[in-house]
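Structure first, then comments.
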Amino acid sequence: MHLIDFVIFIVFTLGVVVFGCSFFKKGSSADEFTSAGHSIPGWVVGMSIFATYVSSISYIGYPGKAFAADWNAFVFSLSIPIASYFAAKYFVPFYRHSGSVSAYTFLEEKFGAWARLYASACYLLTQIARMGSILYLLAVPMYILMGWDMHTVIILTSIGIIIYSMMGGLKAVIWADAIQGIILIGGALLCLAILMFSMPEGPMQTFELAANSSMGNKFSLGAFSSDLTTSTFWVCLIYGIFINLQNYGIDQNYVQRYHAAKTDKDAKFSALFGGYLFIPVSALFFLIGSALYSYYQTGVAPLPAEIQAKPDYVFPYFIVNGLPVGLRGLLIASIFAAGMSTVSTSVTSAATIILTDYVRPFFLKARNMTDRLRHHDPTDHHKHQKLELAIVRLSSFGVGMLGACVAIAMLSVESIIDAWWTLSSIFSGGMLGLFLLGCIPQKINRLAAFLGCVAGIIVIAWISLAELWHLPGIHLHPYLAIVLGTTTIFLIGFLMTYLFKTKNIL
């Protein structure tokens with residue numbers, strides 16, 4: 001690695017950590033740590049939502065998928081406008097006036113404490129898997145670039161992210177996300193331009209070779225058949241609709257940002273802006289993957305067989321070997337920007353859930369205690385606030401290190417996109433179905449909702465394990481776990497309400 005590239009990368013990475021730590025405020029409270037004092041402009045929150053979407057999963061995984069296959073995974077992005085619309089219209093006003101920074105307080109009010117714990121546990125599992133996927137992809141370019149041990153890169157990167165997340169809270173995370181989002185877009189645009197203008201016959205050769213490859217049209221969005229066992233256009237679209245409705249409707253990452261915006265108008269704008277911006281940017285990453293395929297097909301540069309066998313390594317390999325000095329460092333910094341923004345978001349939101357859904361109700365009994373302390377002894381109230389802040393910071397550290405452990409366990413996966421989408425579909429647990437049950441005007445019996453969740457978990461387990469354990473029956477694509485899990489929870493809960501007319505027993 002050239003000294004200039006190394007300096008650019010180090011300055012950027014350390015700069016992000018220092019910038020995040022600059023938001024440290026002595027004497028701040030846990031509420032300010034988790035909601036940024038409701039003081040962030042709408043466009044900054046929107047950029048943060050966008051940067052959360054564009055993790056290193058997108059930055060490396062999307063080009064890898066387009067290089068090895070086609071644009072089928074881009075169908076996921078096409079579902080985002082539906083979720084963004086519902087977020088601005090319904091979810092943002094609902095959460096802004098809920099009075100709780102936790103996305104799952106609503107479920108406890110509707111169905112009892114078990115519902116809140118179920119949803120929050122699903123969320124924590126999903127975020128730890130997400131952090132692991134992203135930290136793994138942050139280590140890949142450093143391994144290819146300088147031969148650094150991937151375990152070491154994962155651990156050191158995790159520590160850096162954890163430090164500024166613990167110090168600055170949500171305000172530091174959101175502002176850092178906004179800056180990182182701008183950098184990662186600029187880096188991707190520069191890389192695409194270099195790829196396309198490096199083609200022997202000019203930029204249009206990129207499209208000609210990719211559209212007429214030996215594997216078929218690499219711009220294909222997938223088959224339009226009704227096959228539910230493979231990743232068709234419809235499987236990806238339906239998966240995307242359910243996942244994105246869940247993201248915008250019940251994901252703590254997003255709900256926390258709704259609360260951080262200055263006004264309701266800012267919060268609605270951020271939901272639309274962040275989601276819609278992701279569509280052209282994700283197309284940019286898929287186009288980079290197609291351009292990489294065409295670039296190496298022309299023989300302009302060799303591609304080692306061991307790199308070609310690992311599609312997630314192709315883009316980092318090009319960055320190392322195909323970019324000029326300076327831009328190489330910028331692109332590596334861009335990949336780190338994408339990953340660090342998403343991991344820091346997951347760390348902060350997961351720590352918030354641990355405090356609001358587990359520690360407060362079961363250990364601190366915060367609601368009654370805080371009211372009592374506020375009116376009787378301000379000193380004790382201040383001590384209580386300091387205790388909560390210490391707990392949320394300690395939780396940030398614990399969650400971050402768990403994510404690092406998952407990243408190390410993922411070092412042997414073949415496609416990180418496939419691994420992450422499968423895990424997110426499974427770990428989400430169909431909690432969107434429980435949320436939808438709580439939103440409908442019909443009052444749902446708590447026992448019926450509980451039985452719906454049990455049935456949903458069984459369906460998700462069957463879809464996830466059927467092929468692995470050779471279970472009898474039809475084997476569906478794992479992406480459909482969230483679709484059928486959500487549908488099962490909703491339908492069983494709704495129908496069983498009419499069978500349980502007696503008083504709620506949960």
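The values are calculated or read from the model by the stated rules, or taken from the named source; none is laboratory data. Here the structure is a predicted model, which is why all the values come from computation and not from measurement. Glycine also receives a Cβ, built like all others from the backbone with ideal geometry; neighbour counts cover every protein chain displayed. Just so you know, the surface numbers come from the protein's heavy atoms only, side chains and all, with ligands and any DNA or RNA stripped out. Shrake-Rupley method; radii C 1.70, N 1.55, O 1.52, S 1.80 Å.
With only the Cα atoms considered, region 164-272 has a convex hull volume of 182 Å³ per residue.
The convex hull of the Cα atoms of region 102-209, projected and averaged over all directions, covers 11.2 nm². Cα centroids of region 285-338 and region 118-151: 20 Å apart. Each Lys or Arg adds one and each Asp or Glu takes one away; over the other residues whose Cβ falls under 10 Å from the Cβ of residue 123, this sums to -2.
Fully extending the segment from residue 394 to residue 263, taken as 0.36 nm per residue of separation minus the present Cα-Cα distance, adds 44.1 nm.
Sorted largest first by accessible area at a 1.4 angstrom probe radius, with every protein chain in place, the residues 263, 488 fall in the order 263, 488. Direction-averaged projected area, Cα convex hull, region 185-227: 4.5 nm², rounded to one decimal.
Is the C-alpha gyration tensor of region 43-181 telling us rounded, prolate or oblate? Criteria: a/c under 1.5 is rounded; beyond that, a/b larger than b/c is prolate, otherwise oblate. Prolate is the answer for region 43-181, as a/c is 1.5 or above and a/b outweighs b/c. When the surface is traced with a 1.4 Å probe over the full set of protein chains, residue 163 keeps roughly 70 Å² accessible.
Strictly greater than 21 Å: what percent of every Cα pair in region 259-334 meets that? Result: 47 percent of Cα pairs exceed 21 Å.
Over the chain, give the accessible area per residue in Å² for a 1.4 Å probe, as an integer.
Value for the chain: 39 Å² per residue.
Take the Cβ atoms of residue 25 and residue 98, set R0 to 35 Å, and the FRET efficiency comes out at 0.85.
The equivalent ellipsoid that matches the C-alpha gyration tensor of region 83-135 spans semi-axes of 22, 18, 9 angstrom, in descending order. For the cross-link pairs 171/265; 265/443; 262/443; 218/310, the ones whose C-alpha atoms lie over 28 Å apart are 265/443; 262/443.
Round to a whole number: what % of the accessible area of region 35-113 belongs to carbon and sulfur, probe 1.4 Å? For region 35-113, the apolar C and S fraction of the accessible surface comes to 63 percent.
Here each label is just a point 7 Å from Cα along the line to Cβ, and for residue 387 and residue 401 those points are 2.3 nm apart. The simple spin-label model puts a point 7 Å past each Cα toward its Cβ; for residue 197 and residue 498 those points are separated by 6.6 nm.
Principal axis extents of the Cα atoms in the chain, from largest to smallest and rounded to whole angstrom, are 74, 57, 41. Counted residue by residue at 0.36 nm each, then reduced by the alpha carbon distance between them, the extension gain from residue 208 to residue 276 reaches 21.6 nm.
Each 5 Å bin from 0 upward holds the following percent of the Cα-Cα pairs of region 21-121: 2, 9, 11, 16, 17, 16, 14, 8, 4, 1, 0.
With a 1.4 Å probe and all protein chains in place, put 76, 224, 397 in order of accessible area, largest first.
Most to least solvent-accessible, the answer reads 224, 397, 76.
Rounded to the nearest 10 degrees, the inclination of helix 446-465 to the longest alpha-carbon principal axis of the chain is 20 degrees.
Counting only Cα atoms, region 116-161 measures 45, 17, 12 Å along its principal axes, largest extent leading. Under the criterion of Cα pairs below 8 Å and six or more residues apart, the relative contact order for region 180-336 equals 36 percent. Extension gain, residue 152 to residue 114: 0.36 nm times the residue separation minus the Cα-Cα distance gives 9.8 nm.
Here the chain is treated with +1 on each Lys and Arg Cβ and -1 on each Asp and Glu Cβ, and its dipole about the Cα centre works out to around 1720 debye.
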